[in-house]
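J.: Got a structure for you, written out below as structure tokens; questions coming shortly.
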Amino acid sequence: MDNQDLLERIQSLVEEEHRLRASTSTGAGDDSARLAQLEAQLDQCWDLLRQRRAKRDAGENPDDASARPVSEVEGYRQ
């Protein structure tokens, strides 16, 4: 997956998140489990994109970056 693929995936996840949040705010249903999944997937995608960019900036091969487990990515401090 290259950077463009990752950005497209992120955009798709964000659009779904916005749709779910809009439907939740109107009382259309409880999608909290799916929202939690989306947030975790977004965190993984952003982390992988940051890894790829860092490797490229360091003169390394961005394709050597790999997605980290949700448990690791979710544990980061901001």
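The values are calculated or read from the model by the stated rules, or taken from the named source; none is laboratory data. Please read these numbers as outputs of a predicted model, since none were measured by experiment. In case anyone asks, the SASA skips ligands and DNA or RNA and just uses the protein heavy atoms, side chains included. Shrake-Rupley method; radii C 1.70, N 1.55, O 1.52, S 1.80 Å.
J.: Out of 30, 57, I need the residue that is open to solvent by 70 Å² or more (accessible area, probe 1.4 Å) and modelled with pLDDT of 95 or more. Which one?
T.: Result: 57 is the single residue among 30, 57 that is open to solvent by 70 Å² or more (accessible area, probe 1.4 Å) and modelled with pLDDT of 95 or more.
J.: A further question on this structure: Out of curiosity, is residue 66 outside any helix (DSSP H, G or I), modelled with pLDDT of 90 or more and either of a type outside the set (Val, Ile, Thr) or open to solvent by 50 Å² or more (accessible area, probe 1.4 Å) (or both)?
T.: Answer is yes for this residue.
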